[in-house]
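Undergrad: Encoded as structure tokens, here's the structure I'll be asking about.
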Amino acid sequence: MKTLLLFVVAFFAYLLVRFIMKRVNEIRQDALSGNEQEQNTTSEKAERMATCVECGLRLPESEAIPLNPAEKIGDTYNIAFCSQEHKQLYLKKHS
Ligand SMILES: [Zn+2]
């Protein structure tokens with residue numbers, strides 16, 4: 001009888017450990033997929049592109065040089081450039 005009780009206790013201990021391991025794995029996977037989602041949202045932000053008015057080059061908006069930061073309409077620059085040179089070129093043409 002004592003052996004049976006020990007067996008039952010051991011069995012439940014085994015089930016408990018399995019349950020905990022499963023939960024740990026689930027939490028780990030949730031954390032991983034959460035990270036992936038974060039990465040996805042950041043890459044979506046990075047994918048927002050601006051077009052250089054001078055040469056038509058498309059580049060991430062974070063790297064684009066706005067004609068005037070105050071002109072930012074919504075989330076996109078109205079007029080942006082790929083480089084300071086193209087900004088100067090544009091300013092020369094339009095002054
Ligand atoms: Zn350009």
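Undergrad: Hey, could you check the range 60-84 for residues that are in contact with a strand residue (DSSP E or B) (Cβ under 8 Å, 6 or more places away or on another chain) and at pLDDT below 60 and say which is surrounded by the most Cβ atoms within 10 Å (Cβ to Cβ)?
TA: Looking at residues that are in contact with a strand residue (DSSP E or B) (Cβ under 8 Å, 6 or more places away or on another chain) and at pLDDT below 60, I get 77.
Undergrad: Hey, among the residues in the range 45-59 that are within 14 Å of the ligand (Cβ to nearest atom) and at pLDDT below 90, which one's nearest to residue 82 (Cα to Cα)?
TA: Step by step, filter the range 45-59, then rank; the result is 50.
Undergrad: Here's another thing I want to ask about it. Going by the structure shown, is residue 5 farther than 30 Å from residue 60 by Cβ, exposed (fewer than 10 other Cβ atoms within 10 Å of the Cβ), modelled with pLDDT of 85 or more and not assigned by TED's automatic domain parsing to the domain that holds residue 60?
TA: Spelling it out, residue 5 is indeed farther than 30 Å from residue 60 by Cβ, exposed (fewer than 10 other Cβ atoms within 10 Å of the Cβ), modelled with pLDDT of 85 or more and not assigned by TED's automatic domain parsing to the domain that holds residue 60.
The values are calculated or read from the model by the stated rules, or taken from the named source; none is laboratory data. Computed from a predicted structure; not experimentally measured. When we count neighbours, we look across all protein chains shown, and the Cβ atoms used for this are built from the backbone with ideal geometry, even at glycine.
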